[in-house]
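Structure first, commentary second.
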Amino acid sequence: MAEIVIADAGSLIALAKVNLLAVLAQLFGSVVMPETVQQECLAKAGEENQRIQHAIEIGMIRIATPAQTDLALALSRSLVTIRMSWQRSWVMS
(Lines give C-alpha, C1' and ligand atoms only; values in the text may rest on other atoms or scores of the structure.)
Protein backbone atom coordinates (compact mmCIF):
# COMPACT_ATOMS: atom_id res chain seq x y z
CA MET A 1 0.00 0.00 0.00
CA ALA A 2 1.10 3.54 -0.65
CA GLU A 3 2.12 5.96 2.06
CA ILE A 4 0.19 9.21 2.36
CA VAL A 5 1.58 12.39 3.81
CA ILE A 6 -0.87 14.87 5.28
CA ALA A 7 0.28 18.39 4.54
CA ASP A 8 -2.87 20.24 5.41
CA ALA A 9 -4.27 20.36 8.93
CA GLY A 10 -7.68 21.44 7.64
CA SER A 11 -8.20 18.21 5.72
CA LEU A 12 -7.22 16.08 8.69
CA ILE A 13 -9.40 18.07 11.08
CA ALA A 14 -12.36 17.74 8.68
CA LEU A 15 -11.96 13.96 8.56
CA ALA A 16 -11.68 13.85 12.35
CA LYS A 17 -14.88 15.90 12.73
CA VAL A 18 -16.86 13.27 10.83
CA ASN A 19 -14.92 10.45 12.53
CA LEU A 20 -13.30 9.17 9.31
CA LEU A 21 -9.59 9.18 10.21
CA ALA A 22 -9.49 5.39 9.90
CA VAL A 23 -10.35 5.71 6.20
CA LEU A 24 -6.89 7.16 5.54
CA ALA A 25 -5.19 4.14 7.08
CA GLN A 26 -7.52 1.78 5.19
CA LEU A 27 -6.84 3.49 1.87
CA PHE A 28 -3.14 4.21 2.22
CA GLY A 29 -1.81 1.96 4.96
CA SER A 30 0.72 4.42 6.31
CA VAL A 31 -0.27 7.96 7.28
CA VAL A 32 2.43 10.53 8.07
CA MET A 33 2.22 14.19 8.97
CA PRO A 34 4.89 16.78 9.69
CA GLU A 35 5.30 18.11 13.22
CA THR A 36 3.97 21.51 12.13
CA VAL A 37 0.70 19.95 10.96
CA GLN A 38 0.46 18.04 14.24
CA GLN A 39 0.88 21.28 16.19
CA GLU A 40 -1.81 22.99 14.13
CA CYS A 41 -4.20 20.04 14.51
CA LEU A 42 -3.80 19.95 18.27
CA ALA A 43 -3.72 23.71 18.89
CA LYS A 44 -7.39 23.96 19.90
CA ALA A 45 -9.38 21.79 22.25
CA GLY A 46 -12.20 19.79 20.74
CA GLU A 47 -13.45 16.33 19.91
CA GLU A 48 -11.72 16.26 16.51
CA ASN A 49 -8.41 17.17 18.13
CA GLN A 50 -8.85 14.34 20.63
CA ARG A 51 -9.49 11.94 17.75
CA ILE A 52 -6.32 13.08 15.99
CA GLN A 53 -4.30 12.73 19.19
CA HIS A 54 -5.69 9.24 19.71
CA ALA A 55 -4.80 8.27 16.12
CA ILE A 56 -1.23 9.42 16.81
CA GLU A 57 -1.07 7.56 20.12
CA ILE A 58 -2.20 4.25 18.61
CA GLY A 59 0.16 4.62 15.65
CA MET A 60 -2.47 5.21 12.97
CA ILE A 61 -0.70 8.49 12.17
CA ARG A 62 3.07 8.87 12.41
CA ILE A 63 4.82 12.20 12.90
CA ALA A 64 7.59 13.18 10.50
CA THR A 65 10.60 15.00 11.89
CA PRO A 66 12.06 18.10 10.19
CA ALA A 67 15.03 15.98 9.07
CA GLN A 68 12.70 14.13 6.71
CA THR A 69 12.69 16.94 4.17
CA ASP A 70 12.28 14.57 1.23
CA LEU A 71 8.84 14.01 2.61
CA ALA A 72 7.88 17.59 1.81
CA LEU A 73 8.26 17.03 -1.92
CA ALA A 74 6.17 13.89 -1.92
CA LEU A 75 3.73 15.70 0.28
CA SER A 76 2.67 18.32 -2.21
CA ARG A 77 2.24 15.75 -4.99
CA SER A 78 0.24 13.41 -2.76
CA LEU A 79 -2.01 16.17 -1.46
CA VAL A 80 -3.12 17.20 -4.93
CA THR A 81 -3.83 13.58 -5.88
CA ILE A 82 -5.74 12.93 -2.66
CA ARG A 83 -7.88 16.04 -2.97
CA MET A 84 -8.79 15.14 -6.53
CA SER A 85 -9.63 11.56 -5.52
CA TRP A 86 -11.77 12.65 -2.60
CA GLN A 87 -13.60 15.24 -4.69
CA ARG A 88 -14.40 12.66 -7.34
CA SER A 89 -15.59 10.10 -4.82
CA TRP A 90 -17.88 12.60 -3.06
CA VAL A 91 -19.32 13.86 -6.34
CA MET A 92 -19.94 10.34 -7.60
CA SER A 93 -21.67 9.13 -4.44
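The values are calculated or read from the model by the stated rules, or taken from the named source; none is laboratory data. This structure is a prediction, so every number in the text was calculated from the model and none was measured. As a convention, Cβ positions derive from the backbone with ideal geometry for all residues, glycine included, and neighbour counts pool all protein chains shown. Remember, those area values only see protein heavy atoms, side chains included, never the ligands or the DNA or RNA. Shrake-Rupley method; radii C 1.70, N 1.55, O 1.52, S 1.80 Å.
If I filter region 15-32 down to residues being open to solvent by 50 Å² or more (accessible area, probe 1.4 Å) and touching a residue at least 12 places away in the same chain (Cβ under 8 Å), which single residue comes out as farthest from Glu48 (Cα to Cα)? Going through the qualifying residues, I end up with Leu27.
In region 78-86, is there at least one residue being open to solvent by less than 90 Å² (accessible area, probe 1.4 Å) and modelled with pLDDT of 75 or more? Spell out how you get there, then give the answer.
Filtering region 78-86 for residues open to solvent by less than 90 Å² (accessible area, probe 1.4 Å) gives 78-82, 85-86.
Now drop any that are not modelled with pLDDT of 75 or more, which leaves none.
Taking every residue of region 78-86 in turn, none turns out to be open to solvent by less than 90 Å² (accessible area, probe 1.4 Å) and modelled with pLDDT of 75 or more.
Scanning region 40-70 for residues that are open to solvent by 90 Å² or more (accessible area, probe 1.4 Å), within 19 Å of Ala25 (Cβ to Cβ) and modelled with pLDDT under 90 yields a count of 1.
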